[in-house]
Amino acid sequence: MAKSRITVDIDLEKQGKHIGFARLPHSVNRSAYGWLPIPIVSIRNGVGRRVLLLAGSHGDEYEGQVALTKLVQEFEANQIQGQLIIMPMTNYPAALAGTRTSPLDDGNLNRLYPGRADGTPSEMIAHFVETELMPRVDLVLDIHSGGASLNYLPCSTSVVQPDAEKCELDAVTLMRHFGAPYGLLLKGKSGIGSISEAATRNKIIRIGTEVGGRAWVERTYRELCEAGIKRVLAHLEIINSQGLPAPDEMLLIEALPGDYVYAHANGLFESAVRLGDQVEQGDLAGSIYFPATLNRPSEPVFFGSSGIVLCERPNAMCEVGDCLLHLARPVSTTLR
Ligand SMILES: [Zn+2]
C-alpha cells in the first residue's frame with residue numbers, strides 16, 4: 001500500500017510524552033505550502049500493550065473530544081506501561097467545523113477506510129490511521145456519540161465483522177470493563193468503509209461508544225468516557241487500577257434493521273417516548289405536525305418492533321428519511 005503523505009512531527013517510537021501534529025499537506029489559496037495540524041499525542045513507557053484512542057472521527061461528537069483532551073493533560077509517561085497514541089480530533093477539518101462530515105470534501109471518515117494516500121483530506125486521514133497507526137497498536141478505542149442529529153443512552157459498541165479472525169483480545173470483555181450501562185453489538189457488513197473493517201484488516205480489535213449527542217457535552221457521559229477508557233487501560237495493565245470507580249453492570253443489546261423509526265413526512269416531530277422506555281410493536285412513537293398547512297392533520301408514527309428506546313433525534317424538524325428514534329433489545333444468542 002502507498003506510503004501516507006501525512007507526516008508526524010513527533011517520534012512515535014520514542015519513550016516519554018510527546019504532543020504534536022500529524023501534518024496533512026493542504027495547498028490552498030491562503031497557504032500555498034500549508035498543512036492541516038491534526039493534534040496527535042504519544043505517551044510511551046517501557047514495554048506493554050499499545051492502544052489507539054480516537055475521538056472526532058465525526059466532528060460534531062464532542063464527549064470523546066473533551067474526554068481525550070482531559071486524559072492527555074492528566075497522563076504522564078511514568079503512569080503508564082506500554083503506549084497510548086491519542087487523536088482527539090481525528091477528522092480535524094470536521095471537528096474544527098463542528099460537523100459530522102468534513103467541510104473540505106464532505107468525507108464521512110467512518111465510511112472511507114482504507115482511504116487513499118493521495119486522496120481527499122478525509123481519505124488521507126483514513127489511510128493514515130489504517131496504515132501508520134493501526135499497525136502500532138493492539139486495540140483501537142474509538143469514542144463516538146450521537147452528534148448533532150442524534151442523542152444516545154450511554155453505550156459501548158462493537159461491530160461484529162463477518163470476516164474477523166479470532167483476536168487475542170475479546171471485544172465484549174473490553175466493553176464490560178469500559179462499564180457503560182449498555183453494550184451495543186452491531187452486525188458489520190463488508191465494504192462500507194468503516195473503521196471496524198480497517199481494524200479487522202489489521203487483525204486487531206476496535207471497540208467504540210455511542211454516548212449522548214445533540215451537539216452537547218453531557219458531563220456525566222464525558223466522565224463515563226474517561227472512567228471507561230481508564231478501566232480498559234487498567235484491564236490491559238497499561239495503567240494502575242487503583243482508585244477507579246467500578247464499572248456499571250452492562251446489558252448486552254443489539255439493534256436490528258426494523259428497530260429504526262424514520263420520518264415519512266417533512267414536518268415537526270413530537271416524540272411520545274423518552275430514552276430508556278420499553279415499548280411494544282405498534283405503540284405510538286410520536287406525531288408529525290404541519291404548521292405551514294393548517295388543514296393537514298398531524299400524522300402518527302408507530303414503532304415497527306419492540307424494545308428499549310436507545311436513541312432519539314433531538315431536533316423537531318424532520319424530513320422524509322430522517323431517523324427519529326431507534327430501539328434495541330437484549331442480545332439474542334445467535335449473534336455471539
Ligand atoms: Zn460518530
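The values are calculated or read from the model by the stated rules, or taken from the named source; none is laboratory data. Values in this document were obtained by computation on a predicted structure and should not be read as measured data. Positions of Cβ are generated from backbone atoms using ideal geometry, with glycine treated the same way; all protein chains shown enter the neighbour counts.
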Of the conditions (1) surrounded by fewer than 22 Cβ atoms within 10 Å (Cβ to Cβ); (2) in contact (Cβ under 8 Å) with a residue 40 or more places away in the chain; (3) within 16 Å of the ligand (Cβ to nearest atom), the single one that residue 210 does not satisfy is (1)
Filter result for residue 163 (without any contact (Cβ under 8 Å) to a residue 40 or more places away in the chain and acidic (Asp, Glu))
yes
In the stretch 113-144, what count of residues is obtained for those that are crowded, with 21+ Cβ neighbours inside 10 Å, out of contact with any strand residue (DSSP E or B) (no Cβ under 8 Å at 6 or more places or on another chain) and within 28 Å of residue 70 (Cβ to Cβ)?
4
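Just to be sure before I move on: is residue 126 assigned by TED's automatic domain parsing to the domain that holds residue 238, touching a Phe, Trp or Tyr at 6+ places or on another chain (Cβ under 8 Å) and within 16 Å of the ligand (Cβ to nearest atom) in the structure I sent?
Here the answer is yes, as residue 126 does meet what is asked.
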Restricting attention to the stretch 145-163, the residues that are surrounded by fewer than 18 Cβ atoms within 10 Å (Cβ to Cβ) and more than 16 Å from the ligand (Cβ to nearest atom) number exactly 3
Scan the stretch 91-115 and report the pairs whose first residue is free of Cβ contacts under 8 Å to residues at least 12 places away in the same chain and whose second residue is within 13 Å of the ligand (Cβ to nearest atom) and not in a loop (DSSP other than H, G, I, E, B), with Cβ atoms within less than 8 Å and a gap of 6+ or a chain change.
103/94
Where residue 240 falls short, out of the listed (1) in contact with a Pro (Cβ under 7 Å, 6 or more places away or on another chain); (2) surrounded by fewer than 22 Cβ atoms within 10 Å (Cβ to Cβ); (3) modelled with pLDDT of 95 or more
(1)
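Just one of 259, 283 is away from the ligand (no atom under 16 Å from the Cβ) and either buried (at least 18 other Cβ atoms within 10 Å of the Cβ) or in contact (Cβ under 8 Å) with a residue 60 or more places away in the chain (or both); which is it?
Working: 283 fails: either buried (at least 18 other Cβ atoms within 10 Å of the Cβ) or in contact (Cβ under 8 Å) with a residue 60 or more places away in the chain (or both).
Checking each option against the conditions leaves just 259.
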Going by what's in this entry, would residue 57 be described as hydroxyl-bearing (Ser, Thr, Tyr) and assigned to a strand (DSSP E or B)?
no
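Please tell me if residue 305 is polar (S, T, N, Q) and more than 19 Å from residue 270 (Cβ to Cβ). Even if it seems obvious, please write down each step before you answer.
Details: polar (S, T, N, Q): yes; more than 19 Å from residue 270 (Cβ to Cβ): yes.
Yes, satisfied.
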Residue 119 vs. criteria more than 30 Å from residue 331 (Cβ to Cβ) and not β-branched (Val, Ile, Thr):
yes
Mind counting the residues in the stretch 283-305 that are of a type in the set (A, V, I, L, M, F, W, C) and out of contact with any strand residue (DSSP E or B) (no Cβ under 8 Å at 6 or more places or on another chain)?
2
Which of the numbered conditions does residue 188 fail, given that it passes all the others? Conditions: (1) closer than 21 Å to residue 311 by Cα; (2) without any contact (Cβ under 8 Å) to a residue 40 or more places away in the chain; (3) crowded, with 23+ Cβ neighbours inside 10 Å.
(3)
For the stretch 135-153, which residues satisfy the criterion of being touching a helix residue (DSSP H, G or I) at 6+ places or on another chain (Cβ under 6 Å) and either more than 15 Å from residue 55 (Cβ to Cβ) or not in a strand (DSSP E or B) (or both)?
145
Note on residue 41: of the conditions (1) surrounded by fewer than 17 Cβ atoms within 10 Å (Cβ to Cβ); (2) part of a strand (DSSP E or B), unmet is (1)
Condition test on residue 51, is it exposed (fewer than 14 other Cβ atoms within 10 Å of the Cβ), touching a residue at least 24 places away in the same chain (Cβ under 8 Å) and either within 16 Å of the ligand (Cβ to nearest atom) or not charged (D, E, K, R) (or both)?
no
In the stretch 26-38, what count of residues is obtained for those that are touching a residue at least 40 places away in the same chain (Cβ under 8 Å) and either within 16 Å of the ligand (Cβ to nearest atom) or outside any loop (DSSP other than H, G, I, E, B) (or both)?
3
Filter result for residue 297 (outside the structural domain of residue 182 (by TED's automatic domain parsing), touching a residue at least 12 places away in the same chain (Cβ under 8 Å) and of a type outside the set (Val, Ile, Thr))
no
